[in-house]
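Right, one structure below, let's go through it.
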Amino acid sequence: MPRLRHRDPKPPSRLEARFLRIWQAIGGPALERELLFHPGRRWRADFAHLPSRTLIEIEGGIWLRGRHTRPQGFLADIEKYLEAALAGWRVLRLSERELTSATVSRIVAFVAST
């Protein structure tokens, strides 16, 4: 499965970095970053746990009318997540509210059990 580096030289978003810090502090298994998961499109997942075929998307800009909450971006995300699910991926979408040790611990347990 092809893997790509970040699409630009910018570091991960503040929320992605926060998720990763919590994940690593809990001792979560290795994750792929910016995984190109669809052979015909250039869609990437923020994080992917390959053994469990789980994609983890960190949804930012919710209160700022960011890309994920504007109609065009929202519809594009629906298409992306539908295609991921049809390709056999589990898609977990997290907002800033879910970026807690308790929630991330539950996700670590979930991917470890599959």
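The values are calculated or read from the model by the stated rules, or taken from the named source; none is laboratory data. No experiment lies behind these values; they were computed from the predicted model shown. So basically every Cβ, Gly included, is an ideal-geometry build from the backbone, and we count neighbours across all protein chains shown.
Key figures
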quantity	calculated
Selection count, the stretch 25-40, where residues are exposed (fewer than 12 other Cβ atoms within 10 Å of the Cβ) and either polar (S, T, N, Q) or more than 25 Å from Arg106 (Cα to Cα) (or both)	2
Residue tally, condition within 23 Å of Leu82 (Cβ to Cβ) and touching a residue at least 60 places away in the same chain (Cβ under 8 Å), over the stretch 20-50	1
One residue from Trp43, Trp89 being modelled with pLDDT of 95 or more, surrounded by 15 or more Cβ atoms within 10 Å (Cβ to Cβ) and touching a Leu at 6+ places or on another chain (Cβ under 9 Å)	Trp89
